[in-house]
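Structure first, commentary second.
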Amino acid sequence: MNLKGYLEKNYSVIYPGDETMEDLSIMDDDLKNSKMFLTGENHGVKANIELRIKFLKYYKKRTNFKYYLCELPYSMTYFLNIYLETKDENILDNIYEPLKGTDAWNKDEYDYWGYLYEFNKELPRDDKIILIGPDIEHQPQNAIRFMKYCLDKNHVPGTINDYVEEFMNKDNITDEELERFYKGIKKELTQNENQYKELLGEYYFKFKHVNDNLVNRLEVYTGNNFNGVRDIKAYENFLSISAHLPKGKYFGQLGLSHIFQKSFPQISWFGSSLNKEGSQFKNKVLSVAYAYRNCRYLYPTTRRNYESSIDTLDPSIEEFGHFIDSDYTLFKLNGEGSPFSKELIWPLEHKSPVGGVTTDYFQYLVVAKDSKAMAGFNIDS
């Protein structure tokens, strides 16, 4: 079967407002044996939010997944889970302030949590979604705020509280200070382990996990393989966190590379670690990659917000163009007789892999067309 003939039989137009989810029904058969559902974006494109909501609804309706993987640290998702119960805007404001200048610092992402609160509120108690953050602690201010929260929640006095209090209000923590903080906390926990296990109770793991994840941050930011080390740490964090959770299925929209189920040279992506031999998710991961045609993206910095164009669909594969007339088009790459399951036909203009076939990396492709950039915050907000 030629490529155009295959695509003609294996594509669907996505309608964000279609609550029946019939527009995504070509994916239904792949849900039966999957436990992990990942969608992959390039950050800053407004279409990402609409697609995230669409797939969130679809996977929840079809699989009733329990856990929502975010490309965020544990400390931040802990506070976001409280927000999903309370809709306390102060929580969002506090955790977003340290994000200034990062990809996550935009109004669309901020407002999305309000949408998720409303969505979650309507679910039965046993079906409510729980956020999981396996990323490293990118913002030390949020990590230390969380550690202070754990101590205050359990009325833990003394040396460890004084130490956390010292760093609570520091706006710019240097790597040297962060290393001193981590080592000081670790020493105190090690020397008085039984005492802190008793004082912190269920929060002991959470407190220690976030502190350990600060040293992961140092390793990632000071090394020479940012993505490679970061994804390995994220996978290790995921294993550590999920070991404390009841079993359930997962959905997550992450940065594009993190959803690839096969490694690149020198980089074991989060998705490839999930899919490796010995993993409980081996052959249980379903990955959907996003590509963009004639779109815009937001690039925020601490000084100003920038916008630029983004086109990631490889124009040399002309066959896709015959079917892209709508805002969102979904292509099934792992259907019967698929050329994508037989050779490496790479539809993306970047992130070029080596070896394997296309469906080793992801099984579906969504093309977003003519999307605006995400809305940035006012630079002084």
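Please determine whether any residue of the stretch 12-28 is assigned to a loop (DSSP other than H, G, I, E, B) and acidic (D, E). Yes; the residues of the stretch 12-28 include at least one that is assigned to a loop (DSSP other than H, G, I, E, B) and acidic (D, E). State all residues of the stretch 46-76 that are of a type outside the set (A, V, I, L, M, F, W, C), under 14 Å from the mean Cα position of the chain (by Cα) and surrounded by fewer than 23 Cβ atoms within 10 Å (Cβ to Cβ); if no residue qualifies, say none. Of everything in the stretch 46-76, those that are of a type outside the set (A, V, I, L, M, F, W, C), under 14 Å from the mean Cα position of the chain (by Cα) and surrounded by fewer than 23 Cβ atoms within 10 Å (Cβ to Cβ) turn out to be R52, Y67, E71.
Among the residues of the stretch 303-320, those that are within 18 Å of S371 (Cα to Cα) and assigned to a loop (DSSP other than H, G, I, E, B) comprise D311, T312, D314, P315.
Only one of the numbered conditions (1) touching a residue at least 12 places away in the same chain (Cβ under 8 Å); (2) within 29 Å of Y112 (Cα to Cα); (3) part of a loop (DSSP other than H, G, I, E, B) is violated by N378, and that is (1). The sole residue among Y110, Y149 that is of a type outside the set (D, E, K, R) and either crowded, with 21+ Cβ neighbours inside 10 Å or closer than 23 Å to V45 by Cα (or both) is Y110. Filtering the stretch 358-377 to residues that are modelled with pLDDT of 95 or more and aromatic (F, W, Y) leaves Y361, F362, Y364.
Among the residues of the stretch 80-95, count how many are of a type in the set (F, W, Y) and out of contact with any helix residue (DSSP H, G or I) (no Cβ under 6 Å at 6 or more places or on another chain).
Number satisfying all stated conditions: 0.
Consider the stretch 326-357 and keep the residues that are modelled with pLDDT of 95 or more and of a type in the set (D, E, K, R). The one that is nearest to E41 (Cα to Cα) is D327. Among the residues of the stretch 270-286, the one identified as aromatic (F, W, Y) and either farther than 12 Å from A234 by Cβ or part of a loop (DSSP other than H, G, I, E, B) (or both) is F281. Residues in the stretch 79-96 that are out of contact with any Phe, Trp or Tyr (no Cβ under 6 Å at 6 or more places or on another chain) and in contact (Cβ under 8 Å) with a residue 40 or more places away in the chain were compared, and the one that is surrounded by the fewest Cβ atoms within 10 Å (Cβ to Cβ) is N94. Among the residues of the stretch 255-273, the ones that are in contact (Cβ under 8 Å) with a residue 60 or more places away in the chain, touching a helix residue (DSSP H, G or I) at 6+ places or on another chain (Cβ under 7 Å) and closer than 17 Å to I132 by Cβ come to 4 in all.
Please enumerate the residues belonging to the stretch 181-213 that are under 19 Å from S242 (Cα atoms) and either touching a strand residue (DSSP E or B) at 6+ places or on another chain (Cβ under 9 Å) or not aromatic (F, W, Y) (or both).
G201, E202, K206, K208, H209, V210, N211, D212, N213 - these are the residues of the stretch 181-213 that are under 19 Å from S242 (Cα atoms) and either touching a strand residue (DSSP E or B) at 6+ places or on another chain (Cβ under 9 Å) or not aromatic (F, W, Y) (or both).
Please verify whether N237 is polar (S, T, N, Q), over 27 Å from V45 (Cβ atoms) and at pLDDT 95 or above, treating the condition exactly as stated. So N237 does not fit the description; no. Screening N33 on (1) modelled with pLDDT under 95; (2) surrounded by 14 or more Cβ atoms within 10 Å (Cβ to Cβ) shows it passes everything except condition (2).
The residue pairs whose first member lies in the stretch 205-224 and is over 14 Å from T174 (Cα atoms), whose second member is small (G, A, S), and whose beta carbons are closer than 6 Å, counting only pairs six or more residues apart or on different chains, are V210/S75; V210/A143. Filtered by the rule that a residue be touching a residue at least 40 places away in the same chain (Cβ under 8 Å) and surrounded by fewer than 16 Cβ atoms within 10 Å (Cβ to Cβ), the stretch 164-182 gives a lone residue, D175.
Residues are listed down the side, and each one gets a yes or a no for (1) crowded, with 17+ Cβ neighbours inside 10 Å; (2) at pLDDT 95 or above; (3) under 17 Å from K208 (Cβ atoms):
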| residue | (1), (2), (3) |
| --- | --- |
| D127 | no, yes, no |
| N142 | yes, yes, yes |
| T159 | no, no, yes |
| D162 | no, no, no |
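The sole residue among L131, L123 that is outside any helix (DSSP H, G or I), of a type in the set (A, V, I, L, M), surrounded by fewer than 16 Cβ atoms within 10 Å (Cβ to Cβ) and out of contact with any Pro (no Cβ under 9 Å at 6 or more places or on another chain) is L123.
The values are calculated or read from the model by the stated rules, or taken from the named source; none is laboratory data. Quick caveat, the model's predicted, so the values are computed rather than measured. FYI the Cβ positions are ideal-geometry reconstructions off the backbone, even for glycines, and counts take in every protein chain you see.
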